[in-house]
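These notes are about the structure you will find just below.
The values are calculated or read from the model by the stated rules, or taken from the named source; none is laboratory data. Owing to the predicted nature of the structure, the values given are computational and were not obtained by experimental measurement. We place every Cβ from the backbone using ideal geometry, glycine too, and count neighbours over all the protein chains shown.
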Amino acid sequence: AALDAIDSREKDVQAYLQVSADLALEAAERTDARRAAGEKIGPLAGVPVAFKDNMHLVGTRTTCASKMLENYESVFTATCVQRMLDAGATPVGKANMDEFAFGSTTESSAFHRTNNPWDTSRVPGGSSGGSAAAVAAGEATLALGSDTGGSIRQPASFCGVVGMKPTYGAVSRYGVVAFGSSLDQVGPFGRRVEDVALAMNALTAPGRDPLDSTSQDCAVDFLEHLDDPVEGLSVGVVPQLMEAKGLSQEVRDALAAALDSLRDQGARVVEVDLPNIASAIAAYYVIAPCEAFSNLARFDGVRYGYQEPDCATLAQQTSLSRAHGFGEEAKRRQMLGAYLLSSGVYEKYYYPAQQVRTLITQDYARAYQSCDVILLPSAPTTAWRFGDVSDPTQMYASDMFTISNNICGNGGVSVPLGLSAQTHMPVSAQLQGPAFSDRRLLRFARAIE
Ligand code: GLN
């Protein structure tokens with residue numbers, strides 16, 4: 001069914017960089033054979049899954065939507081992908097993304113753009129735009145994405161699907177091409193909260209991944225307690241965020257309705273303060289480019305990917321491979337990172353950014369003393385039209401509601417709340433929770449979906 005949906009919708013949506021029909025059919029046949037033989041099949045048996053193209057899967061290319069890795073064949077499989085396959089999932093393909101996950105619209109892919117399945121003149125969000133669009137278009141039932149500053153939650157919001165960034169460390173990053181190692185986290189997309197809970201079960205079992213030193217044992221049954229009432233629990237709202245400049249009326253209205261629904265279900269609504277939240281974007285756009293610069297130094301035109309032909313010297317080969325292998329945004333991030341880490345500059349930006357990071361983490365810890373979760377927007381608006389936001393700093397500003405959770409490592413989930421009466425596009429709410437409370441987060445998500 002997923003391959004049929006790809007046949008009929010992919011020309012308009014273009015969610016995939018590569019459709020792995022052979023791998024999918026092989027996996028499906030293996031599952032069928034196992035079932036016929038009376039063997040145990042996994043909880044995701046036969047479920048079609050799309051993987052963001054920064055996740056390694058043997059038998060596919062892993063390009064990160066970059067010319068740099070255009071022909072790069074995976075030589076091993078990422079833990080997150082392997083765990084989905086171990087649960088029985090059927091790998092349908094590799095989803096489009098912003099180049100190396102730098103962006104909010106998937107437009108920086110070196111190969112093609114992805115269109116929002118609800119209205120193809122609009123962006124799907126990013127950087128995991130292909131994953132979100134694949135699920136929204138029925139071209140996959142589940143998808144994995146990565147979220148460094150909102151790249152799961154924002155495209156989920158734009159495409160009207162559920163998208164979860166688990167707590168940092170909950171899902172292994174082994175085999176996922178790094179952007180900002182202290183911020184990156186893998187998570188699932190699904191049409192319903194229950195689907196995302198099923199995927200979380202697969203991603204976290206059987207516990208910690210010894211191949212990722214930051215991975216933690218977070219294996220619980222995410223389906224258990226999913227339908228428990230939220231009565232007696234408390235939801236925090238941050239007035240400063242609810243009144244933020246640039247927050248559209250359609251998103252405000254949807255959030256007000258979600259709060260009413262939680263109140264009706266017996267949850268208590270409390271105001272909480274995150275005094276340093278306004279500095280989150282500034283801190284992120286220092287920390288993330290510095291880490292990206294460091295991580296992407298490995299693409300030197302020798303060890304991986306694109307190599308400029310006919311160079312006279314090694315230095316020329318490295319610089320021309322990088323000049324011609326990376327796109328504009330990837331270069332902008334790395335130049336920014338290189339500058340910010342240089343001596344004299346480092347003290348002025350990187351060090352204070354790390355201090356802001358600590359302050360924001362403390363703000364959240366204080367807020368969670370008086371509430372169980374925080375309700376806030378996923379994105380300030382619904383999906384915009386291609387061409388409507390082209391200035392990079394304006395684009396960076398649209399991450400205002402997601403970034404703080406990567407800075408402190410907590411979990412967050414974007415939940416669709418229907419279509420906006422104004423734009424007729426999906427509108428969503430975000431729920432954030434304390435570290436390692438991802439199961440409770442899904443219970444709240446379930447209560448408002
Ligand atoms: N939009 C943010 C950025 O461009 C987040 C990207 C991400 O989470 N990968 O950095």
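If you go through segment 320-334 one residue at a time, do you hit one that is over 23 Å from Tyr285 (Cα atoms) and among the aliphatic types (A, V, I, L, M)?
yes
Restricting to segment 416-449, what's the tally of residues that are closer than 18 Å to Arg191 by Cβ and at pLDDT below 95?
Result for segment 416-449: 0.
Identify the single condition in (1) free of Cβ contacts under 8 Å to residues at least 40 places away in the same chain; (2) away from the ligand (no atom under 12 Å from the Cβ) that Gly126 does not satisfy, given that it satisfies every other one.
Tallying (1) free of Cβ contacts under 8 Å to residues at least 40 places away in the same chain; (2) away from the ligand (no atom under 12 Å from the Cβ), Gly126 fails exactly one: (2).
Which numbered condition in (1) touching a strand residue (DSSP E or B) at 6+ places or on another chain (Cβ under 8 Å); (2) over 16 Å from Ser157 (Cα atoms) is the only one that Ala87 fails?
(1) is the only condition that Ala87 fails.
Here are Tyr285, Tyr350, Tyr339, Tyr306: which of them is within 16 Å of the ligand (Cβ to nearest atom) and either surrounded by fewer than 17 Cβ atoms within 10 Å (Cβ to Cβ) or modelled with pLDDT of 95 or more (or both)?
The conditions single out Tyr285.
Under 6 Å between Cβ atoms, at least 6 apart or on separate chains: pull out the pairs that start in segment 169-187 with a residue that is free of Cβ contacts under 8 Å to residues at least 24 places away in the same chain and end on any residue that is more than 14 Å from the ligand (Cβ to nearest atom).
none
Given (1) surrounded by fewer than 24 Cβ atoms within 10 Å (Cβ to Cβ); (2) away from the ligand (no atom under 16 Å from the Cβ); (3) within 14 Å of the chain's Cα centre (by Cα), identify the lone condition not met by Asp119.
With respect to (1) surrounded by fewer than 24 Cβ atoms within 10 Å (Cβ to Cβ); (2) away from the ligand (no atom under 16 Å from the Cβ); (3) within 14 Å of the chain's Cα centre (by Cα), Asp119 is out only on (3).
Step by step: first the residues of segment 58-104, then only those that are among the aliphatic types (A, V, I, L, M) and farther than 27 Å from Ala36 by Cα, then the one that is farthest from the ligand (Cβ to nearest atom). Which residue is that?
Val75
Here are some residues: Cys290, Cys311. Which one is within 16 Å of the ligand (Cβ to nearest atom), at pLDDT 95 or above and not aliphatic (A, V, I, L, M)?
Cys290
Only one of these is buried (at least 24 other Cβ atoms within 10 Å of the Cβ), more than 20 Å from Val123 (Cβ to Cβ) and out of contact with any Phe, Trp or Tyr (no Cβ under 7 Å at 6 or more places or on another chain): Ser404, Ser414. Name it.
Selected residue: Ser404, the only one of Ser404, Ser414 that is buried (at least 24 other Cβ atoms within 10 Å of the Cβ), more than 20 Å from Val123 (Cβ to Cβ) and out of contact with any Phe, Trp or Tyr (no Cβ under 7 Å at 6 or more places or on another chain).
Out of the residues in segment 129-142 meeting the condition of being hydrophobic (A, V, I, L, M, F, W, C) and not in a helix (DSSP H, G or I), tell me which one is farthest from the ligand (Cβ to nearest atom).
Taking the candidates together, the pick is Ala137.
Filter segment 288-303 down to the residues that are within 23 Å of Arg61 (Cβ to Cβ) and either surrounded by 14 or more Cβ atoms within 10 Å (Cβ to Cβ) or within 28 Å of the chain's Cα centre (by Cα) (or both) and list them by number.
Ala292, Asn295, Leu296, Ala297, Arg298, Phe299, Asp300, Gly301, Arg303 - these are the residues of segment 288-303 that are within 23 Å of Arg61 (Cβ to Cβ) and either surrounded by 14 or more Cβ atoms within 10 Å (Cβ to Cβ) or within 28 Å of the chain's Cα centre (by Cα) (or both).
What residue, among those in segment 143-167 that are in a loop (DSSP other than H, G, I, E, B) and crowded, with 24+ Cβ neighbours inside 10 Å, is farthest from the ligand (Cβ to nearest atom)?
Gly160
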